[in-house]
Amino acid sequence: MSIEPPTLRPQSEGAVIAELTSEVRKISRDKIADIDLINREATYLAINALIEAARAGEAGRGFAVVANQVKNVSGRIGQLTGELGKELTTLIERIVAELERQQGQRLTDLALNMIDVIDRNLYERSCDVRWWATDAAIVDCLTSGAPAAAEHAAKRLSVILDSYTVYLDIWVLDLDGRVVANGRPARFPVAGTVNAARHDWFAAALRTRSGDEYATANVDTAAGLGGAQVATYATAVRQDGASDGKALGVLAVFFDWAKQASAVVGSVRLTGEERARTRCMIVDASGRVIAGAGQAGSEPARFELPPGAAPAGNYRTKDDALVGYALTPGYETYRGMGWYGVIEQREAKA
């Protein structure tokens, strides 16, 4: 089992239209400038003709009429080119604004798609931990306390981990927080040596009122798992595996966050040209960047959205980057943890 990347297809049409719009702007500006230049030359010729007609006196009167007409036509041409320039500028600005709106919405949609993929997978984690807490081998491990029961539970967890490769490890803990069995003892020798009673997720799991509830912890490093970055889900293991049974201990599953989240943020559907100037991030409720891809080596530790930001939207930053973002919508019974999908895109270099 692995995380599926976002499925939105890249949209390069906007970039093509933006390039064509820029070309139209340049051509119209250049051609209007050429017309203005020719028109000024015609105006100068008309003025010179009027001067010469005045010198010629009565003989130049007819020529003066023609020169005046040329001057009037030049004035009208100048007025029309001025109006054309303003109208084209207004139209192009509207096109550019609409393109930016569409691109901003696209980034917002990609950000929402990205966080939705995360939500759907974390929803599965919340289901897994509640289901596995009812496994007979895990319940027996905490009921009997016998070494053989703990060994059997560890083997059972190992089988689970072989199928669910998104996890680093699974722990069974007693009521005092001691790890009594885990699924990868050779890789993580935590059974009998690690006590997790100080962790908030452990206490929260014991406070659950039934087998329908679970506890989560924000993404963090786990010392017992070699400092790996994990998302932790935990729930109480209950007597006889019953939803309303007495709590015997805790089952905790550790989602391999760094690997799985990187697969999501690194697979956002961008064009090759966009990828070099785009950052895709998962940002937690406190503004901490907990996953990121793009512009290698430039990922910030934090990313602050504007105060009072709507649940989803887009905006342009002070340094002229376009940002699309979306708050976790949750999935099924998983309400999310207040995380955001964020995509920041720099302007293409001319």
Checklist entry - Can you tell me how many residues in the range 271-291 are of a type outside the set (A, V, I, L, M, F, W, C) and not in a loop (DSSP other than H, G, I, E, B)? => result 7
Checklist outcome for this item: Note on the range 303-350: residues at pLDDT below 90, hydroxyl-bearing (Ser, Thr, Tyr) and surrounded by fewer than 17 Cβ atoms within 10 Å (Cβ to Cβ) are Thr333
Next on the checklist: When you scan the range 242-260, do you find a residue that is assigned to a helix (DSSP H, G or I) and at pLDDT 95 or above, even just one?
Outcome noted: no
Checklist entry - In this structure, is Thr328 in contact with a helix residue (DSSP H, G or I) (Cβ under 6 Å, 6 or more places away or on another chain) and β-branched (Val, Ile, Thr)? => result yes
Next on the checklist: Given the options Ala252, Ala231, Ala247, Ala263, name the one that is under 21 Å from Arg178 (Cα atoms), surrounded by fewer than 20 Cβ atoms within 10 Å (Cβ to Cβ) and in contact (Cβ under 8 Å) with a residue 40 or more places away in the chain.
Outcome noted: Ala247
Checklist entry - Restricting the search to the range 157-184, which residues are charged (D, E, K, R) and under 10 Å from Val250 (Cβ atoms)? => result Asp174
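Rundown of residues vs (1) out of contact with any Ser or Thr (no Cβ under 6 Å at 6 or more places or on another chain); (2) of a type outside the set (Phe, Trp, Tyr); (3) surrounded by fewer than 18 Cβ atoms within 10 Å (Cβ to Cβ); (4) more than 14 Å from Asp128 (Cα to Cα), yes/no style:
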residue	(1), (2), (3), (4)
Ile170	yes, yes, no, no
Val180	yes, yes, no, yes
Pro189	yes, yes, yes, yes
Asn195	yes, yes, yes, yes
Arg198	yes, yes, yes, yes
Ala203	yes, yes, yes, yes
Ala217	no, yes, no, yes
Checklist entry - Since Ala153 meets every condition but one in (1) in a helix (DSSP H, G or I); (2) closer than 13 Å to Ala252 by Cα, which condition does it not meet? => result (2)
Checklist outcome for this item: Here the qualifying pairs (Cβ atoms under 6 Å; residues six or more apart or on different chains; first in the range 111-135 and over 27 Å from Ala293 (Cβ atoms); second part of a helix (DSSP H, G or I)) come out as Thr134/Gly241
Item to check | Sole residue being in the same structural domain as Asp174 (by TED's automatic domain parsing) and under 32 Å from the mean Cα position of the chain (by Cα), chosen from Gly211, Gly227 | outcome: Gly227
Next on the checklist: Looking for something without any contact (Cβ under 8 Å) to a residue 60 or more places away in the chain, within 17 Å of Val237 (Cβ to Cβ), outside any loop (DSSP other than H, G, I, E, B) and in the same structural domain as Ala242 (by TED's automatic domain parsing) - is there at least one such residue anywhere in the range 187-195?
Outcome noted: yes
Item to check | Residue within the range 157-164 that is free of Cβ contacts under 8 Å to residues at least 60 places away in the same chain, assigned to a helix (DSSP H, G or I), closer than 17 Å to Val237 by Cβ and not assigned by TED's automatic domain parsing to the domain that holds Arg335 present | outcome: yes
Next on the checklist: Which condition from (1) out of contact with any Gly (no Cβ under 8 Å at 6 or more places or on another chain); (2) outside the structural domain of Met337 (by TED's automatic domain parsing) is the one that Arg120 breaks?
Outcome noted: (2)
Checklist outcome for this item: Considering the range 59-94, residues that are within 26 Å of Ser28 (Cβ to Cβ) and among the aliphatic types (A, V, I, L, M), and then whichever is modelled with the highest pLDDT, we arrive at Leu91
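The values are calculated or read from the model by the stated rules, or taken from the named source; none is laboratory data. From a predicted model like this one, the values you see are computed outputs, not experimental measurements. Every residue, glycine as well, gets a Cβ built from its backbone with ideal geometry; the counts of neighbours run over all protein chains shown.
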